[in-house]
Amino acid sequence: MKAKELNHPLITHKLSILRDKKTGTKEFRELIGEIAMFLCYEAMKDSKLNTVTIETPITKMETGRLDEDKYAFVPILRAGMGMLDGVIKVIPNAKIGHIGMYRDEITFEPVNYFFKVPKDIEKREVIILDPMLATGGSAIDAIELLKSKGVKKIKFLCIIAAPEGLKVVEEKYPDVEIYCGSIDDHLNENKYIVPGLGDAGDRIFGTK
Ligand code: PRP
Ligand code: URA
């Protein structure tokens, strides 16, 4: 499947504030959470519902309910943590795993430093969270780790993606559905996304 770019005036509006270098940490963090919520909404479009019978104050009815125990969110540390607040509002009973990874500043290769996921991860649909998909190296390593644990259905949510990184991930893992707020123009010589938003982790946590 080709990556799905959310094409919506509200997302463009929120991204315009997020990308602005004058936007401070508090607002940046809030916007990351809000856009993540919209991404999750879109990514859950194919969800299967269980049929339940409920009673409204007026009458009995048959309707659908999500089995929230079938899902896990896995943020890639650090920046992916910024998206967790938003998505956990949508599926509050999902379990949460963590993958610790940073991109080496010289080689741009991901360095893996932590991996902890729910015991029954192979039975769950896993939704990976990372605001930036640049070269795609971190996404590929995260997907590989989860597949090695037996995970069969994986979705990847990012706020901004670079076409170069998307191509690599899509070619290697055509079964992984990717949802992004924006597919930007290109990567610069330091493998930062252009126009992008700068360093997502530093802007979420105020570390620069
Ligand atoms: C950023 C981002 C992704 C990665 C994307 O993390 O959050 O994990 O870079 O780059 P790639 O597609 O080229 O692998 P970073 O290394 O800045 O770590 P941080 O989240 O701790 O700030
Ligand atoms: N990581 C970021 O935080 N920003 C980029 O543009 C690329 C990688």
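The values are calculated or read from the model by the stated rules, or taken from the named source; none is laboratory data. This structure is a prediction, so every number in the text was calculated from the model and none was measured. When we count neighbours, we look across all protein chains shown, and the Cβ atoms used for this are built from the backbone with ideal geometry, even at glycine. SASA here: full protein model, heavy atoms, side chains in, ligands and nucleic acids out. Shrake-Rupley method; radii C 1.70, N 1.55, O 1.52, S 1.80 Å.
Might you let me know whether segment 145-165 holds any residue that is assigned to a loop (DSSP other than H, G, I, E, B) and within 14 Å of ligand 1 (Cβ to nearest atom)? The answer is yes; a qualifying residue exists.
Scanning segment 161-188 for residues that are within 12 Å of ligand 2 (Cβ to nearest atom) and free of Cβ contacts under 8 Å to residues at least 40 places away in the same chain returns ALA162, GLU164, GLY165, ASP184, ASP185, HIS186, ASN188.
If you go through segment 102-153 and pick out every residue that is in contact (Cβ under 8 Å) with a residue 12 or more places away in the chain, of a type in the set (A, V, I, L, M), within 16 Å of ligand 2 (Cβ to nearest atom) and open to solvent by 10 Å² or more (accessible area, probe 1.4 Å), you end up with 3. Filtered by the rule that a residue be under 15 Å from LEU157 (Cα atoms) and open to solvent by 20 Å² or more (accessible area, probe 1.4 Å), segment 85-101 gives ASP85, ILE88, VAL90, ILE96, HIS98. Restricting attention to segment 173-201, the residues that are over 22 Å from PRO9 (Cβ atoms), open to solvent by 20 Å² or more (accessible area, probe 1.4 Å) and not aliphatic (A, V, I, L, M) total 12. For segment 27-41, give me each residue that is open to solvent by 30 Å² or more (accessible area, probe 1.4 Å) and under 15 Å from LYS4 (Cβ atoms). PHE38, TYR41, listed by residue number.
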